[in-house]
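Take a look at the structure set out below.
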Amino acid sequence: MAEIKVPELAESITEGTIAQWLKHPGDHVDKGEYIVELETDKVNVEVISEEEGVVQSLLFEEGDTVQVGDVIAIVGEGTGENSATPSAPQKEAEAPQPAQAEAPAQTQAPAPEQQKPAQEESESRPIASPAARKLAREKGIDLSQVPAVDPLGRVRKQDVETFNPQAAAKAPAAPEKPAAGKVVPEEAGKPIERIRMSRRRQTIAKRLVEVTQTTAMLTTFNEIDMTAVMDLRKRKKEQFVKDHDIRLGFMSFFTKAVVAGLKKYPYVNAEIQGNELLLKKYYDIGIAVSTEEGLVVPVVRDCDRKSFAEIEADIAAFAQKARDNKLALSDLQGGTFTITNGGVFGSLFSTPIINGTQVGILGMHTIQKRPVAVDGDRIEIRPMMYVALSYDHRVIDGKDAVGFLKTVKTLIENPEDLLLES
């Protein structure tokens with residue numbers, strides 16, 4: 001018999017949410033095989049079984065919050081051919097009734113008024129974790145009377161522990177709370193849908209509010225003529241794919257330009273620690289990637305030492321891992337500066353929010369053809385991109401912020417110069 005426990009996740013992560021059980025009671029599991037997927041504040045983590053055997057029981061349900069070290073499943077001996085103990089505790093089997101000699105066994109169905117449709121019984125049964133059901137049985141508590149704190153209406157063990165039957169009997173009945181994801185009529189007669197926020201979305205919301213409340217954030221803007229870099233990509237893209245088996249995108253150009261700007265304006269690559277400034281002499285650039293559950297920012301390490309092809313390959317690999325929920329915590333930690341590209345969604349202009357403890361973030365936007373004055377005498381239609389630098393004014397003055405953004409602009413408009421900076 002082996003216990004499956006929530007492993008150590010990361011220094012700053014102490015709990016997670018069970019996103020999906022990959023194995024169920026009665027399933028055979030090999031040693032090292034994944035048994036459950038946990039959703040944490042940053043990434044999804046798959047937990048393996050340390051022993052081979054059959055899943056005997058699941059102690060938590062999908063959506064439950066679990067702490068590091070919690071036992072969440074039991075794996076025992078067996079082949080998996082027979083059904084094991086179900087994940088949700090079942091009602092104790094009733095003792096068999098002694099046979100009555102004076103009457104034959106009843107074979108007819110009970111009267112209609114005694115029957116209860118299975119669907120009705122299932123709908124009336126409260127949603128509760130296995131631990132909550134076990135504790136409720138021990139205490140003789142009716143789970144339908146226990147109020148749930150969980151937004152989904154699931155009764156948990158702590159709800160049962162704090163439940164006071166006497167106080168509940170005196171309290172007025174609370175209005176029924178609609179389940180998450182169910183369209184219900186609002187008081188004014190308007191339909192709404194109640195959807196529970198994922199743990200990652202909750203964390204994103206919390207962190208963004210923290211950043212806006214703890215930094216003196218400003219944004220400065222500029223525009224870049226993308227003609228030269230687009231012509232260069234057009235001339236070199238086929239050969240680039242043949243040589244490196246990766247597509248040449250804009251992101252590697254901007255990453256290299258950002259590194260050059262950070263070298264020239266080192267305070268943009270800094271971090272506040274107490275009453276000190278930490279100037280970072282390395283260039284680990286976070287590249288924001290959109291997923292269904294929100295933005296994640298994997299970090300491309302040592303961008304000053306990598307070629308265009310290596311940067312493009314890293315970005316493509318991270319994007320695929322993000323879509324597959326395969327990013328590791330180490331992929332998201334330690335960035336010194338962030339680039340986000342809202343232009344892929346058609347954004348023309350925006351003010352990005354600084355990422356974590358960093359002091360700057362570059363926002364790229366969609367490329368749009370606009371009339372531009374050339375050499376002060378001619379007007380031409382050029383592909384233009386607005387760029388934005390949001391920065392922490394506690395660390396960076398306007399002069400450095402504007403200078404940094406102008407450096408990026410100059411290098412993108414003269415991409416050959418990036419070879420000298422690389």
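Starting at the first residue of segment 190-207, write each ³J(HN,Hα) from the Karplus equation 6.51 cos²θ - 1.76 cosθ + 1.60 with θ = phi - 60°, in whole Hz, x for Gly and Pro.
Taking θ as phi minus 60°, the curve returns 9, x, 9, 10, 9, 10, 6, 6, 5, 4, 5, 5, 4, 5, 4, 4, 5, 5 Hz for segment 190-207.
Keeping all protein chains in place, calculate the accessible area per residue for segment 266-339 (probe 1.4 angstrom), answer in Å².
47 Å²
Show me the trypsin sites (Lys or Arg not before Pro) within segment 19-67 that DSSP assigns to loop and that have at most 13 other Cβ atoms within 10 Å of their Cβ.
Loop-located and lightly packed - LYS31.
Taking all protein chains together and a probe of 1.4 Å, list ARG301, ARG233, ARG200 from the most accessible to the least accessible.
Accessible-area ranking of ARG301, ARG233, ARG200, largest first: ARG301, ARG233, ARG200.
Can you tell me how segment 217-419 classifies by the Cα gyration tensor, rounded, prolate or oblate, using a/c under 1.5 as the rounded cut?
Details: a/c = 1.59, a/b = 1.13, b/c = 1.40.
Because a/c hits 1.5 or more and a/b fails to exceed b/c, segment 217-419 counts as oblate.
Can you list the residues, at least 5 places off or on another chain, whose amide H is less than 5 Å from the amide H of MET217, using H built in the peptide plane?
HIS393
First compute the accessible area of segment 217-419 with a 1.4 Å probe, then give the percent of it belonging to carbon and sulfur atoms.
50 percent
Would you kindly find the accessible area of PHE345, with a 1.4 Å probe and non-protein molecules such as ligands, DNA and RNA excluded, rounding to the nearest 10 Å²?
Accessible area of PHE345: about 150 Å².
Leaving ligands and nucleic acids out of the surface, order ARG207, ARG133, ARG196 by accessible area at 1.4 Å, largest first.
In descending accessible area the options line up as ARG207, ARG196, ARG133.
Just how much of HIS393 is accessible, in Å², when a 1.4 Å probe is used and the result is rounded to the nearest 10?
80 Å²
Accessible surface of TYR34 in the full protein assembly, 1.4 angstrom probe, to the nearest 10 Å²?
110 Å²
Per residue, what accessible area does segment 2-76 have, given a 1.4 Å probe and all protein chains present, in Å²?
Using a 1.4 Å probe on heavy atoms only, each residue of segment 2-76 averages 42 Å².
Amide H to amide H under 5 Å from GLU223: which residues, 5+ apart in sequence or cross-chain, H placed 1.01 Å off N in plane?
VAL387
Under a 1.4 Å probe, what is the accessible area of segment 351-412 per residue, stated in Å²?
Details: 2800 Å² over 62 residues.
I get 45 Å² per residue for segment 351-412.
The values are calculated or read from the model by the stated rules, or taken from the named source; none is laboratory data. Worth saying up front: this structure is predicted, and the values here are computed from it rather than measured. When we count neighbours, we look across all protein chains shown, and the Cβ atoms used for this are built from the backbone with ideal geometry, even at glycine. Remember, those area values only see protein heavy atoms, side chains included, never the ligands or the DNA or RNA. Shrake-Rupley method; radii C 1.70, N 1.55, O 1.52, S 1.80 Å.
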